[in-house]
Amino acid sequence: MGSIIIALPKLNDSKKISALLGRYGLETFAICSAAASVLSNVNQLESGVVICGHSFPDMHSKELLTYLPDNFALVLMTSRENLSRCPDGVVTLAMPCKSSDIVNTVNMILEQQSLKIKKKIEEQKGRKRGEHGKNYVNNAKLLLMERNNMTEPEAYHYIQKCSMDSGNTMVETAQMILYMAVAD
């Protein structure tokens, strides 16, 4: 799961939010007082959430947003008056807010990031298995064409239908067809 960095103008507020998140099993990676410190910490991490105020001593939150990597979300805690000045692509929490709003917002963002990372990993795995998997499907098609006098589209659709009926991937289904042919 992603990491949490808190950077609010008042150190005491940051500590309170860190303690709140900790009670719900969300560990804070760092508490920062400057945007440069936030960026330094972000560069050490894979993904996460930066909870911050509208401005820092060294830069404004809009500028910080431009430097944050895509795998980090910015949660801006600000007064209701400042909400209209918040940049696009930023999750905002109007102060004062409920504890549950903070926890739910951070949880939601971390879950979304976790799903994105899992999806990316699965896509990479799929690409790696691509050629190997195609060979299984092609060999199973050839076997079906030879033994059952099917055309190539018929053999492909047969593998596809068996795959859907069994809930397996086409590669797994092709492997089963080849295995059954060897067992005969």
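Below is a table of values for the structure above.
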read-out: Residue check for PRO57: part of a loop (DSSP other than H, G, I, E, B) and surrounded by 12 or more Cβ atoms within 10 Å (Cβ to Cβ); value: no
read-out: The stretch 129-158 residues that are charged (D, E, K, R), paired with ones that are not in a helix (DSSP H, G or I) (beta carbon under 9 Å, 6 or more apart); value: LYS141/MET150
read-out: All positions within the stretch 73-82 that are over 19 Å from ASP13 (Cα atoms) and at pLDDT below 90; value: GLU81
read-out: Residue match in the stretch 93-109 (condition: surrounded by 14 or more Cβ atoms within 10 Å (Cβ to Cβ), modelled with pLDDT of 90 or more, out of contact with any strand residue (DSSP E or B) (no Cβ under 8 Å at 6 or more places or on another chain) and under 30 Å from GLY48 (Cα atoms)); value: yes
read-out: PRO69 being assigned by TED's automatic domain parsing to the domain that holds LYS15 and loosely packed, with under 13 Cβ neighbours inside 10 Å; value: yes
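The values are calculated or read from the model by the stated rules, or taken from the named source; none is laboratory data. Just so it is clear, the structure is predicted and the values come from calculations on it, not from any experiment. FYI the Cβ positions are ideal-geometry reconstructions off the backbone, even for glycines, and counts take in every protein chain you see.
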